[in-house]
Amino acid sequence: MMLTWFARDDTPVLVGSRVTLRAPRAHDFQAWQSLRKSSRAFLKPFEPRWTEADLARSVYRERLRRGHQEALSGTDFTFFIFFDDSGVERLAGGVTLSNIRRRAAQFATLGYWMGEPYAGRGLMTEAVGLVVAHAFDGLLLHRLHAAFLPHNMASRRVLEKNGFQEEGYAENYLQIDGKWADHVLFGLTRERYETVIKQARR
């Protein structure tokens, strides 16, 4: 069991101007637990229901084990978002690329969360931009999907700034805080990424 804490992880390290993204590690447990606990009221309206028991070390250990396996198989990648706060590395949130499909599909689903103290600073916009670049330039995917609650304007802005476009509306799409909730569906194709986003960043 202990070997899973040190197992090889194929999740890359992505470095931006203000944030660094990498796979969760064993020594991140306290920072993750503290941030999730302190941000619970802030995150509760936007996430599936969870309790204090979900912040246990055993649960975190299982997350690491599952994350290592998924990264090795190439189906999911979990990133923690860190930023330099006056020389101190702070955990700010997380981004996931999940449900990666190959062959004729070549797509993945993007998800993310941000701790309350770090919301509104533009950190998530940069973090999503790094993951988007990796998805298209590193993983060679053709499409990314994302969804958010209709009233979550902060999430809409993050996606729009990274080139995503609204593609639809899904009734009772995901279970959020114990209830099925409608979501706005956004998407980004390789064609749009290369002609609009990538060109603008040069």
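All of the numbers you see were taken from the coordinates with simple rules; none came from a lab. Here the structure is a predicted model, which means the values were calculated and not measured. Neighbour counts are summed over all protein chains in view; Cβ atoms, including those assigned to glycine, are modelled from backbone coordinates with ideal geometry.
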Most exposed to least, judged by fewest other Cβ atoms within 10 Å, LYS179, LYS198 sort to LYS179, LYS198
Connecting C-alpha atoms closer than 10 Å in a GNM of the chain, tell me which of TRP113, TRP32, TRP50 has the biggest fluctuation. TRP50
Just the ratio, please: alpha-carbon radius of gyration of the range 1-107 over 2.2 N^0.38 Å, N its number of residues. 1.13
Pop out the Kirkwood hydrodynamic radius of the range 2-200 from its pairwise C-alpha distances, inverse of mean 1/r, in Å to one decimal. 17.5
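Grab the DSSP H runs of the chain that are 4 residues or longer, score each as -39,500 (n - 2.57), total them, divide by all residues and round the 222 nm result to the nearest 500 deg cm²/dmol.
Result for the chain: -7500 deg cm²/dmol, rounded to the nearest 500.
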Ranking ASN172, VAL95, ALA154 by how far each Cα lies towards the positive end of the charge dipole of the range 93-193 (+1 on Lys and Arg Cβ, -1 on Asp and Glu Cβ), the top one is VAL95
Over the chain, with a Gaussian network built from C-alpha contacts below 10 Å, which listed residue (PHE42, PHE79, PHE164) shows the highest mean-square fluctuation? PHE42
Listed residues ALA53, ALA170, ALA119; largest mean-square fluctuation, Gaussian network over the chain with Cα springs below 10 Å, found at ALA53
